[in-house]
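Okay, so here's the structure we're looking at.
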Amino acid sequence: MTEPLKIAVAGLGTVGAGTVKLLADQADLIEQRCGRRITVTAVSARDRSKDRGVDLSGVQWFADPVALAAEADADVVVELIGGAAGAAKATVETAIGRGRHVVTANKALVAHHGTALALAAEERHRTLAFEAAVAGGIPIIKGLREGLAANRTSEVHGILNGTCNYILTEMRTTGREFAEVLAEAQQLGYAEADPSFDIDGIDAAHKLAILTSVAFGCAVDFASVYVEGIRHVAATDLAFAEELGYRIKLLGIARLTPAGVEQRVHPCMVPKDAPIAAVDGVFNAVVAQTDFADRVWLVGRGAGAGPTASAVVADLVDIARGCAAPTFGVPAARLARLEPSPMEGRQGAYYVRLSVADRPGVIADIAAAMRDHDVSMESFLQRGRASSPGEAVPVVLTTHETVEASMRRALAAIAEQRAVLEPPRMIRIEQF
């Protein structure tokens, strides 16, 4: 009889408890599919008395997750603590050092330390798996690393944060402003009490850095990701976007260019008929552009106990089967060090919203500033007139394709004009 795969779970929050529950509920199915049982032998959590809705009576408890990684009777340590440093990092490093496989849902840890951890694991012929770290239940890591192993991937982009996607969807469909919808998302549990990691784009950037490495076979380089969140997006922008034929989404985009690797997270206007424009609510979507398989789409729930636990257990099933692949699709010692492409070199069209004093000559001055910095205006929208001379009115314009550096210089010149009453708001237009 094949020995069971023994696992120790560090962290019994929503995902940790969900993982233990899934392993119990699906035990027979999982054994049928991988030929052996997967058994939880140890757990670590601060509060032993808390009811987590799962039976933990037969497992060994550790107050310290690092002690669990060092001492538990386990083949695999599942790290579900979170955070790029501290206990999470020490737990994973200890587990690898003791010759154990590691499964983690910790995108921050992998984004900041993934290359070094992969080197350590592969030197010991152990697995470091992190399917659950990116896009919840969507099997994008396996898809890129294994399903598309015969392809060169030139681009990967997607909706990587369900909180932001929910907020932008609600703002568009209800006309409410950002702060009100954010408060609702917090009440519903879609946003944390401190939502900064989500709404400022950091969560999506962690995930994009990981996807970039797997897609292009390069070392993880979170420091080179350009990050911009959605705080400045107003309901007015979403309404104008609809009128112009676009939807606004927070996207992560990684692309190979002649200048190097683009990695950027920011709000984008995408055509309403683009498939990604229809992905609403808390759903995630990831798109890979490849040479032989062409464009590959994956859509699903990006967070929550069920989808994330499903991804954790998928990695455990691979380990139980003895399936081993290089952590990032290429042996860690051979990961390329690709040059980052500067954000100033991004080429594309732009949407700009201005608040200007309603008086003669203002638009001519704005057009002149754009002309002086090699930016060509494509369209211009103004709805209504001010009720009194000099009162503020919103003005929206879109540009033809230009270079980001030129666009920034034009906006700086426009912002200095006395008739421009607020800082210009710019959103990049992407044609997918």
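The values are calculated or read from the model by the stated rules, or taken from the named source; none is laboratory data. Quantities reported herein were computed from a predicted structural model and do not represent experimental measurements. Ideal geometry is used to build each Cβ from the backbone, glycine not excepted, and the neighbour counts take in all protein chains shown.
The figures follow:
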| item | result |
| --- | --- |
| Positions within segment 50-103 being basic (Lys, Arg) and either outside the structural domain of Glu123 (by TED's automatic domain parsing) or over 19 Å from Ile319 (Cβ atoms) (or both), in sequence order | Lys50, Arg52, Lys89 |
| Yes/no for Ala311 being farther than 30 Å from Ser355 by Cβ, of a type in the set (Gly, Ala, Ser), at pLDDT 95 or above and part of a strand (DSSP E or B) | no |
| Selection status of Thr169, over 15 Å from Leu250 (Cβ atoms), at pLDDT 95 or above and either of a type in the set (Gly, Ala, Ser) or assigned by TED's automatic domain parsing to the domain that holds Gln289 (or both) | no |
| Some residue of segment 128-145 being touching a helix residue (DSSP H, G or I) at 6+ places or on another chain (Cβ under 8 Å), farther than 23 Å from Val286 by Cα and not hydroxyl-bearing (Ser, Thr, Tyr) | no |
| Helices (runs of 4 or more DSSP H) contained in segment 7-105 and holding at least 1 residues crowded, with 23+ Cβ neighbours inside 10 Å, small (Gly, Ala, Ser) and touching a strand residue (DSSP E or B) at 6+ places or on another chain (Cβ under 6 Å) | 14-25, 65-71, 86-97 |
| Every residue from segment 329-356 that is touching a Leu at 6+ places or on another chain (Cβ under 6 Å) and either in a loop (DSSP other than H, G, I, E, B) or assigned by TED's automatic domain parsing to the domain that holds Leu397 (or both) | Val352, Ser355 |
| Selection count where residues are surrounded by 20 or more Cβ atoms within 10 Å (Cβ to Cβ) and farther than 21 Å from Ser341 by Cα, scope segment 399-418 | 4 |
| For Ala149: the one exception among (1) under 25 Å from the mean Cα position of the chain (by Cα); (2) more than 16 Å from Pro326 (Cα to Cα); (3) assigned to a loop (DSSP other than H, G, I, E, B) | (2) |
| Subset of segment 357-387 [among the acidic types (Asp, Glu) and either surrounded by 19 or more Cβ atoms within 10 Å (Cβ to Cβ) or not in a strand (DSSP E or B) (or both)] | Asp358, Asp365, Asp372, Asp374 |
| Count of residues meeting criterion [more than 22 Å from Gly201 (Cβ to Cβ) and either part of a loop (DSSP other than H, G, I, E, B) or of a type in the set (Phe, Trp, Tyr) (or both)] in segment 260-299 | 7 |
| Qualifying residue in segment 100-110 (condition: among the polar types (S, T, N, Q) and touching a residue at least 60 places away in the same chain (Cβ under 8 Å)) | no |
| Condition check for Ala121: modelled with pLDDT under 95, hydrophobic (A, V, I, L, M, F, W, C) and surrounded by 18 or more Cβ atoms within 10 Å (Cβ to Cβ) | no |
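Table: residues versus (1) part of a helix (DSSP H, G or I); (2) buried (at least 17 other Cβ atoms within 10 Å of the Cβ); (3) touching a residue at least 40 places away in the same chain (Cβ under 8 Å).
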position: Ala185; (1), (2), (3): yes, yes, no
position: Ala191; (1), (2), (3): no, yes, no
position: Ala204; (1), (2), (3): yes, yes, yes
position: Thr212; (1), (2), (3): yes, yes, yes
position: Ala215; (1), (2), (3): yes, yes, yes
position: Glu242; (1), (2), (3): yes, no, yes
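To keep it simple, each residue is scored yes or no on (1) in contact with a Gly (Cβ under 9 Å, 6 or more places away or on another chain); (2) under 23 Å from Gly322 (Cα atoms).
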position	(1), (2)
Val59	no, no
Pro65	yes, no
Val77	no, yes
Arg100	no, yes
Thr104	no, yes
Ile138	yes, yes
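Residue-wise test of (1) modelled with pLDDT under 95; (2) surrounded by 22 or more Cβ atoms within 10 Å (Cβ to Cβ).
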site: Pro258; (1), (2): yes, no
site: Met269; (1), (2): no, yes
site: Ile276; (1), (2): no, no
site: Asp291; (1), (2): no, no
site: Pro307; (1), (2): yes, no
site: Cys323; (1), (2): yes, no
site: Arg337; (1), (2): yes, no
